[in-house]
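Notes follow once the structure below has been shown.
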Amino acid sequence: MDLRTVLVVGTGLIGTSAALALRKRGVRVLLADREQGAVRLARELGAGEEWSLDGQAVVERVDLAIIAVPPAYVASELLELQRLDAARFYTDVASVKAEPIHRAAQLGCDLTTYVASHPLAGREKSGPGAARDDLFLGRPWALCPTEEADPEAKTAVLRLIELCGANAVEVSASDHDRAVAVVSHAPHVAASAVAARLADATDVALGLAGQGVRDVTRIAGSDPGLWLGILSGNASPVAEVLEAVANDLADAASALRALAEGDGTATGEITQLLKRGVVGHDRIPGKHGGPASSYAVVQVVIGDRPGQLARLFQVCDEVGVNVEDVRLEHAPGLPLGIAELSVEPGAATSLTEALRERGWQVP
């Protein structure tokens, strides 16, 4: 199916990113949002043109409408769009699936033209200003067709996923919600719980903060209102995961109390949790979806000045070394930091030599 025109309702991070990706592939995109400022910004970013109504009738019926609103509003938005006959087919991109589908059925929405979906991509920033046309590249995008869904509706959503550069994963709504509880929703709450400890931390503690605590708490900086809506729509699965995490933490705390009181056997409980953590971490797929690869890390001292990263990557290009990942760690109080370049193990030595030859400091 060829998607010539697409309506995006909700010009936040995900909606605007989808619009930008579609525009890049030559699709005409119409934009709608209850906040006119968000539509204007998305339009100025090149995401499309504003959707217009002639009274209570649509001026143009589109091929697909993407509902990019919080989970609690998906069903009512779907009902209104279908009342207007705004599109041939409909999807949503909310991070919860079972509740919106159930609510849509209760409201009497036409489930034959609707296939729920969810791109597993995002940022800790929100709003159209944070949108990127490459946000979905190589990322999984779940689609959850119901038994009532027309095959053409599913085909339309598959085409959307293809145009956005994502990888389609068909899954039931209930399985989807249980899965994202483990890999997204509960981790966000856990990160927030860790970050909450920093609210009352001493200046000494904050002064000692390193990359580890930044990594663990990065997603805790997201919009609380947005996440309340997500968690409310997937409350039971998230609660189950958090209860399991809480049990592990309670057992670890008890073991550490015992260890502090001189019980050397308590180390076994903690060691087992740490080992299970390693096993779980190693099961996270690599960047191309397969098993995680093992890379060598080349550390380079880099100045906090414009153009330094570009110069560093130029050396990598000159010697034909692909940088699989990069991390920056700044030195407190100094105008420099450490760039950690993850490369294939066989390329680490040649890259290190090339950097040193060109005057870079490689510890």
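The values are calculated or read from the model by the stated rules, or taken from the named source; none is laboratory data. Note that the structure is a prediction, hence the values are computed from the model and not measured. Positions of Cβ are backbone-derived with ideal geometry, glycine not excepted, and every protein chain shown enters the neighbour counts.
Can you name the condition, by its number, that Ala209 falls short on among (1) surrounded by 15 or more Cβ atoms within 10 Å (Cβ to Cβ); (2) modelled with pLDDT under 95; (3) not in a helix (DSSP H, G or I)?
Ala209 satisfies all of (1) surrounded by 15 or more Cβ atoms within 10 Å (Cβ to Cβ); (2) modelled with pLDDT under 95; (3) not in a helix (DSSP H, G or I) except (1).
Regarding Ser236, is this residue within 30 Å of Arg103 (Cβ to Cβ), surrounded by 12 or more Cβ atoms within 10 Å (Cβ to Cβ) and either in the same structural domain as Ala186 (by TED's automatic domain parsing) or touching a residue at least 40 places away in the same chain (Cβ under 8 Å) (or both)? Lay out the reasoning, then the answer.
Numbers: within 30 Å of Arg103 (Cβ to Cβ): yes; surrounded by 12 or more Cβ atoms within 10 Å (Cβ to Cβ): no; either in the same structural domain as Ala186 (by TED's automatic domain parsing) or touching a residue at least 40 places away in the same chain (Cβ under 8 Å) (or both): yes.
So Ser236 does not fit the description; no.
Yes or no, residue by residue, for (1) among the small types (Gly, Ala, Ser); (2) modelled with pLDDT of 95 or more; (3) in a helix (DSSP H, G or I); (4) touching a Pro at 6+ places or on another chain (Cβ under 8 Å):
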{"position": "Val39", "(1), (2), (3), (4)": "no, no, yes, no"}
{"position": "Leu64", "(1), (2), (3), (4)": "no, yes, no, no"}
{"position": "Leu81", "(1), (2), (3), (4)": "no, yes, yes, no"}
{"position": "Pro100", "(1), (2), (3), (4)": "no, yes, yes, yes"}
{"position": "Gln106", "(1), (2), (3), (4)": "no, yes, yes, no"}
{"position": "Leu111", "(1), (2), (3), (4)": "no, yes, no, no"}
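Identify, from the list Ala38, Ala18, the residue that is of a type in the set (Gly, Ala, Ser) and touching a strand residue (DSSP E or B) at 6+ places or on another chain (Cβ under 7 Å). Reasoning before the result, please.
On the way: Ala38 fails: touching a strand residue (DSSP E or B) at 6+ places or on another chain (Cβ under 7 Å).
The conditions single out Ala18.
Among the listed residues Val278, Val315, Val319, identify the single one that is under 26 Å from Arg139 (Cβ atoms) and either surrounded by fewer than 13 Cβ atoms within 10 Å (Cβ to Cβ) or not assigned by TED's automatic domain parsing to the domain that holds Val204 (or both). Steps first, please.
Details: Val315 fails: under 26 Å from Arg139 (Cβ atoms); Val319 fails: under 26 Å from Arg139 (Cβ atoms).
On inspection, the qualifying residue turns out to be Val278.
Among the residues of segment 55-74, how many are small (Gly, Ala, Ser) and crowded, with 22+ Cβ neighbours inside 10 Å?
Here is the first cut: in segment 55-74, the ones small (Gly, Ala, Ser) are 55, 57, 65, 68, 72.
From what's left, crowded, with 22+ Cβ neighbours inside 10 Å: 65, 68.
Selection size over segment 55-74: 2.
Is it the case that some residue within segment 141-162 is at pLDDT 95 or above, among the polar types (S, T, N, Q), assigned to a helix (DSSP H, G or I) and closer than 15 Å to Ile66 by Cα?
Checking segment 141-162: at least one residue is at pLDDT 95 or above, among the polar types (S, T, N, Q), assigned to a helix (DSSP H, G or I) and closer than 15 Å to Ile66 by Cα.
When Val189 is evaluated against the numbered criteria (1) not in a helix (DSSP H, G or I); (2) not assigned by TED's automatic domain parsing to the domain that holds Asp134, which criterion, by number, is the only one it fails?
(1)
Exactly one condition in (1) at pLDDT 95 or above; (2) touching a helix residue (DSSP H, G or I) at 6+ places or on another chain (Cβ under 9 Å) is false for Gly122; which is it?
Against the list (1) at pLDDT 95 or above; (2) touching a helix residue (DSSP H, G or I) at 6+ places or on another chain (Cβ under 9 Å), Gly122 comes up short only on (1).
Across segment 212-233, what is the number of residues that are free of Cβ contacts under 8 Å to residues at least 40 places away in the same chain and surrounded by fewer than 14 Cβ atoms within 10 Å (Cβ to Cβ)?
The number of residues fulfilling the criteria is 6.
If you check Asp134 against the conditions, is it modelled with pLDDT under 95 and either over 26 Å from Ser232 (Cβ atoms) or not assigned by TED's automatic domain parsing to the domain that holds Leu20 (or both)?
yes
Which ones in segment 1-51 are under 18 Å from Gln82 (Cα atoms) and free of Cβ contacts under 8 Å to residues at least 12 places away in the same chain?
The answer is Arg34, and nothing else.
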